[in-house]
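Notes follow the structure.
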Amino acid sequence: MKRIEALNDFVVKFANVNGSGSASANELFAKSFLRMGIPVSPRNIFPSNIQGLPTWYEVRVTERGWLGRRGGVDLMVAMNPQTWAQDVKEIEPGGYLFYDNTKALPQGRFRDDVHAIGMPLTEICNQTYTDSRERQLFKNIVYVGALASLMDIEPGVIAELIGEQYKGKEKLLKPNLNAFQMGYNYAGEKLKGVLGLKVKRAYGVGDRIFMEGNAAAALGCVYGGATVCAWYPITPSSSLAEAFQRYCSKLRLDPATGKNKFAIVQAEDELASIGIVTGAGWNGARAFTATSGPGISLMSEFIGLAYFAEIPAVIIDVQRGGPSTGMPTRTQQSDVLACAYASHGDTKHVLLFPEDPHECFTMAADCLDLAERLQTPVFLMTDLDIGMNQRLCKPLEWDDSRQYDRGKVMTAEMLEAGKEFGRYLDVDGDGIPFRTYPGTHPTKGAYFTRGTSKNPYAVYSETGPDYQYNMQRLLKKHDFAKTLVPKPVLTPANEPARFGCIYYGSTSPSMTEALEALAARNIFVNALRIRAFPFQDEIFDFCQSHSKIFVVEQNRDAQLRTLLVNEAGINPASLISILHYDGTPITARYITREISESVSALNVRPIKRDKAA
Amino acid sequence: MTYVAKPKLHHPTLAKNKVGYTRRDYEGKVSTLCAGCGHDSISAALIQAFWELDIQPHRVAKLSGIGCSSKTPDYFLGNSHGFNTVHGRMPSVLTGANLANRELIYLGVSGDGDSASIGLGQFAHVMRRGVNMTYILENNGVYGLTKGQFSATADKGSKAKKGMINADAPVDTVSLALLMGATFVARSFSGDKKQLVPLVKAAIAHEGAAFIDVISPCVAFNNHPGSTKSYDYVREHNEAVNRLDFWPSRDAITVDYSEGGVIDVPQHDGSIIKLRKLDSSYDPSDKINAVSHIARAAEKGEVLTGLLYLAPDAEDLHAHLNTYEAPFNRLGEKELCPGAGMLEKINAAMR
Ligand SMILES: Cc1ncc(C[n+]2csc(CCOP(=O)(O)OP(=O)(O)O)c2C)c(N)n1
Ligand code: SF4
Ligand SMILES: [Mg+2]
């Protein structure tokens, strides 16, 4: 029988029961590779309930540093009897099945082309522990110990990680170490040589950090000066607000008084969350909310008001699948259009697309600056894949000389000096007017804020020319935003390339890997990662200079492509969609296959027709 | 064009308050509401109250929803910032504004459609949170701005101008505010300035969620026989529970009050509210009693007005959240950014 032999490059998947305490053991497993200098990319696949349903944790061990999902499983750690059949089916031929053989299983439940590795986990734990909770919890650590032995993970590395986890909790430290050792010893004695997946110390991690995008975005809001956070719980964004709370309670206390330099309101719904953010922004505080698709739908009315009334607001959309529960706790990039055009009337919004936690941090802080500079809602478009999984990324960076860009705010001194104030007056051609904070001056600078029906001086007006002046100015402002938002990143092919490829957000690591795989097949593609909307000229130029451009997205309706056609005037015939939307993160294998097929189909076409397109 | 310039020069004999403003300095643009609309009388009472309280107009932020009532903040305190938000959602915007700068005075203006129909949720939650504000609900039992549909405060059995009879039970906003945790709850009538002005003043001085439901007849759609919110109906059915005289403690003058019928209610800011109770058995600090009093009056078909409930030891949202004294909108990177050194430590913990 074939046996997969791999060094520092394989996929392990854990099938667990939600709520069984497997999460921290699995994380321990993933981190041990990092400590040995081998990059890993783990992903949670979880249901939307708390206890009882299946949950999976997939770890891609990858010395080359490919952080996208690979697809396929080399070793399945099957700890959930309910999902056994489906789990066994997923293993690659020649792969491995690690399972609890305390109770013998009929032969028919295994596969001929998969190597089964049985270990009596329940029996071992029942012999060692009396408490039923302990039996369950330590079982997880015992299998980590066994896997460490089977794969040659350095035991010292795991001991170090356990030590860090239970620092100051000696009572928990010892039993965890013991459980680990027990598993390690058992496998060392009884399961020698059964696994062909091995690891060896490498130097692929460097100074990178391992962090969830939601935590990084929350920290970006702390660094970026957000003082008000209003939110309503929704997966996959809740952990962002919770991380903001956690970071603030450490980093935002006034040392002298113990008072909070932040306010977090768990609102009654998303209408209230965005209302609170709008009120705070109107009054000059930096404010944000974190939500997901359904929340964006509810917020839409307010988003329009904030757009028309020109109020800074930051909305972090951790995207997921459609309505209801279940699939929605899987990743997607399916709110692009909902956010770009959110609300009633003629509206267009600024969107930023981070590729990983590092950019979640940087862009969250940037969004707070952009919202105040542009006086408008700004969206950080992240997703579940980046948000709720720990991802290896560049360390977070902050320049201490950086100052918050508070935008055009007219002060009492400026008013006193006689500077003209027109709340909706374009003073210097960028479309952005001055604003005043409430309470600035006893007699100057007050104005009445409304959505529409106003002249440049905020005086009530229902005249057509006043309305049009304002709408044109808003367009000018949106156009000016191009000069402020992050520029696209070009990855040129090594050879002259006829094809281009556009991608964004969490597709990034899989795309990078796919580009290499395509080059190996002599398919050369210039790739452009879009990082923001509105689209800069570079994006237009890129599209103009390629006869065909693949647009890779994780949604059904090719939403970014629609924006490219609508907003950058790109010829739709030149844009070929590569779409992935089954709820799993897009893989390099998928992109490579789709682009390869597409390219061969294009190549068999008569050259003339291709040119005419 | 609705904007009519006011004469710039004030009459030299106009009286000034302690902060040097005449009553006219508290006015706004000329109202565009129907002549005789109850909402305009409420605006006049607000102007009077702020002037008498010696509050500089620009220290007030006015927020409203959508409706005829919600338009009124443009018609008073012209030197204050105002925000005409979205229908039914003023409470959340006010909450956010309040969090951004705790030093201003927050006035929320709403209608019954705005607060009791589309905005019932936000109305309830803003009371629960104890946002420091004065929330005025200009209650006419109809949607004025959209021309006469019933709102959720319309009484069961009342008749719309076009003849429809309302079959739904009404939302009683004062009871709801009470139950939701408002710490100052009152009801008045737009035509009773003598009662309304002191109530507004007391509400402004109250450091917590203060709510006044002001019955405010809509002359266009709800001032006909059959309506239970017309001038005539309310005048006939109004039973005032108490009269209220309010003055901040820095004012040395005391007012004339009758012995025995008076309770002193101290406020957080040191001021004292003196209540002159017409019904001497009424104690506004007793919440349970307030609820049953309102319910009993309603059963009798009477409109109970006056200060219905006051918690003297009210706390506001900032106290609950333990927020910093300086307004958030004045904090910059120096106060808010933990800096690169701290970020290095955070990075190190994630390796
Ligand atoms: C989302 C939304 N739905 C409907 C409307 C239309 N609308 C404007 S005002 C109003 C009712 C206002 O009634 P009320 O709050 O009682 O104010 P009044 O005019 O009676 O003072 C409605 C339904 C709106 N502005 N927004
Ligand atoms: S319609 Fe009614 S509420 Fe509106 S302005 Fe006229 S009288 Fe007032
Ligand atoms: Mg009304």
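What follows is calculated from the coordinates using simple rules that are stated; it is not laboratory data. Remember, it's a predicted structure, so these values are computed and weren't measured experimentally. With ideal geometry, Cβ positions are generated from the backbone for all residues, glycine too; neighbour counts draw on all protein chains shown.
Things worth noting here:
- Among beta bridges that DSSP assigns inside the protein assembly as shown, antiparallel share in %, nearest 5: 35
- Per-residue mean of foreign Cβ neighbours for A:207-218 is 2 (Cβ atoms of other chains, 10 Å radius).
- Rg to Rh quotient for segment A:160-200, alpha carbon positions, Kirkwood Rh: 1.12
- Peptide packing: for A:216-222, A:359-365, B:53-59, the average count of neighbouring Cβ atoms within 10 Å per residue gives the ranking A:216-222, A:359-365, B:53-59, highest mean first.
- Over all pairs of different C-alpha atoms, segment A:211-393 has a mean inverse distance whose reciprocal, the Kirkwood radius, equals 15.7 Å.
- Computed over segment B:281-329, the range of Cα coordinates on each principal axis works out to 49, 20, 15 Å, biggest value leading.
- Judged by the gyration tensor of its Cα atoms, with axes a ≥ b ≥ c, segment A:297-398 is oblate; a/c meets the 1.5 cut and b/c is at least as large as a/b.
- Of all beta bridges that DSSP places with both ends in segment A:211-393, some 15 percent have antiparallel geometry.
- Above 18 Å, the calculated P(r) of segment A:150-289 contains 70 percent of its Cα-Cα pairs.
- Pairs with C-alpha atoms separated by more than 18 Å, drawn from the list A:Lys13/A:Lys174; A:Lys348/A:Lys477; A:Lys477/B:Lys71, are A:Lys13/A:Lys174; A:Lys477/B:Lys71.
- Counting other Cβ atoms within 10 Å as a rough exposure proxy, the listed residues A:Val551, B:Val171, A:Val199 run B:Val171, A:Val199, A:Val551 from fewest neighbours to most.
- For segment B:139-217, the direction-averaged projected area of the alpha-carbon convex hull comes to 5.9 nm².
- Think of it as helices only: each DSSP H run of n ≥ 4 in the protein assembly as shown is worth -39500 (n - 2.57), and spread over all residues that comes to -10500 deg cm²/dmol at 222 nm.
- Additional length obtainable on full extension of the chain from A:Arg201 to A:Arg556, 0.36 nm per residue less Cα span: 123.7 nm
- With contacts taken as Cα pairs under 8 Å at a separation of at least 6 residues, chain A carries a relative contact order of 12 percent.
- Using the Cα coordinates of segment A:6-198, the gyration tensor eigenvalues translate into equivalent-ellipsoid semi-axes of 23, 20, 17 Å, sorted from longest to shortest.
- Straight-distance crosslink candidates among lysines, where the alpha carbon sits under 18 Å from B:Lys162 and sequence neighbours closer than 8 are dropped: B:Lys147, B:Lys229
- Among A:Phe499, A:Gln559, A:Val489 - extreme Cα towards positive end, dipole of segment A:489-611, charges at beta-carbon: A:Phe499
- Kirkwood radius and radius of gyration were both taken over the C-alpha atoms of segment A:489-611, and their ratio Rg/Rh is 0.93.
- Loop-located trypsin sites (Lys or Arg not before Pro) in segment A:117-192 (DSSP state not H, G, I, E or B) with no more than 15 neighbouring Cβ atoms inside 10 Å: A:Lys167, A:Lys169, A:Lys192.
- Cross-link pairs beyond the 29 Å C-alpha cut-off, checked among A:Lys408/B:Lys334; A:Lys261/B:Lys29; A:Lys259/A:Lys454; B:Lys193/B:Lys287; A:Lys444/B:Lys16: A:Lys261/B:Lys29; A:Lys259/A:Lys454
- Taking the convex hull of Cα positions in chain A, its mean projected area over all directions (nm²): 32.4
- With kT/(6 pi eta Rh) evaluated at 4 °C and eta = 1.567 mPa s, and Rh the Kirkwood radius from Cα pairs, segment A:397-474 diffuses with a coefficient of 93 µm²/s according to Stokes-Einstein.
- Listed by chain and number, the aspartates and glutamates whose C-alpha is less than 17 Å from the C-alpha of A:Lys487, apart from same-chain residues fewer than 8 away, are A:Glu355, A:Asp356, A:Glu359, A:Asp366, A:Asp369, A:Asp479, A:Asp537, A:Glu538, A:Asp541, A:Glu567.
- In this structure, A:Asp113 and A:Glu160 have a Cβ-Cβ separation that, at R0 = 45 Å, corresponds to a calculated FRET efficiency of about 0.75.
- A straight Cα-to-Cα reach below 20 Å connects A:Lys190 with the lysines A:Lys103, A:Lys139, A:Lys198, residues fewer than 8 places away in its own chain not being considered.
- Convex hull volume per residue in cubic angstrom - Cα atoms of segment A:207-276: 95
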